[in-house]
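Asker: My questions all concern the structure below.
The values are calculated or read from the model by the stated rules, or taken from the named source; none is laboratory data. All values derive from a computational prediction rather than experimental measurement. Because the Cβ atoms are built from the backbone with ideal geometry, glycine has one as well, and the counts that use them run over all protein chains shown.
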Amino acid sequence: MLDGASSLVSPRILEVLKFLCEELRDTNVKWVLAGSLSLALQGVAVEPKDIDVLTDRRGAFETNRVLKKYEVKKVEYSQTDKISSYLGVFEIDDIKVEVMGDYKEREDEKWISLSRRLRTPKIVEIDGFKIPVSPLEDQLMSYKRSKRPKDAEKVERIRKHL
């Protein structure tokens, strides 16, 4: 099923991930995993605590409709000095799921869209489920851009893995 570092993914997170796949299967939502779960599923030694889903604006609202009964914070536009997206938060079996539509990161004075990840996801298969994940090289760039101290370790682990 999973190898080495990916065995750090809790069975509960995997079950919620499979549930998400089933719920989104019959929709037209284009989505891709990001964050630590995406890293772990690609063999990077991190222990995910939640699920981060990237999609487009329409996909964020459609996912909100599909996951309505798990809604903690409905999808709405959110912007900080470093990121902007249509953000929604859900909780499924005590696992936090963040859905981010039309996600952009700021680098200096320009905004960088992550929508390309929806067009060219890497696919990881788990128990017959095809999971779209953000390529490690793309995630490395995002973690570097964030310049958050907590992301420095992820940058090193991704570099080591690559």
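Asker: Can you tell me how many residues within region 33-50 are buried (at least 19 other Cβ atoms within 10 Å of the Cβ) and over 13 Å from Pro132 (Cβ atoms)? Let's see the steps before the verdict.
Answerer: Step one: list which residues in region 33-50 are buried (at least 19 other Cβ atoms within 10 Å of the Cβ), which gives 33-42, 44, 46, 48.
After this cut, where a residue has to be over 13 Å from Pro132 (Cβ atoms) as well, the list is 35-36, 39-40, 44, 46, 48.
Number satisfying all stated conditions: 7.
Asker: Name the pairs whose Cβ atoms lie under 7 Å apart, with the first residue in region 17-34 and without any contact (Cβ under 8 Å) to a residue 24 or more places away in the chain, the second surrounded by fewer than 22 Cβ atoms within 10 Å (Cβ to Cβ), and 6 or more positions between them or separate chains?
Answerer: none
Asker: Could you tell me whether Asp26 is modelled with pLDDT of 95 or more and of a type in the set (Asp, Glu)?
Answerer: Values: modelled with pLDDT of 95 or more: no; of a type in the set (Asp, Glu): yes.
In short, no.
Asker: Can you name the condition, by its number, that Leu114 falls short on among (1) under 21 Å from Val46 (Cα atoms); (2) touching a residue at least 60 places away in the same chain (Cβ under 8 Å)?
Answerer: Single failed check for Leu114: (1).
Asker: Continuing with the same structure: What number of residues within region 120-162 satisfy the criterion of being assigned to a loop (DSSP other than H, G, I, E, B) and either in contact with a strand residue (DSSP E or B) (Cβ under 6 Å, 6 or more places away or on another chain) or closer than 23 Å to Asp108 by Cβ (or both)? It would help to see each step written out before you state the result.
Answerer: Of region 120-162, the ones assigned to a loop (DSSP other than H, G, I, E, B) are 120-121, 127-128, 134-135, 147-148, 162.
Still in the list and also either in contact with a strand residue (DSSP E or B) (Cβ under 6 Å, 6 or more places away or on another chain) or closer than 23 Å to Asp108 by Cβ (or both): 121, 134-135, 147-148.
Looking only at that region, the number is 5.
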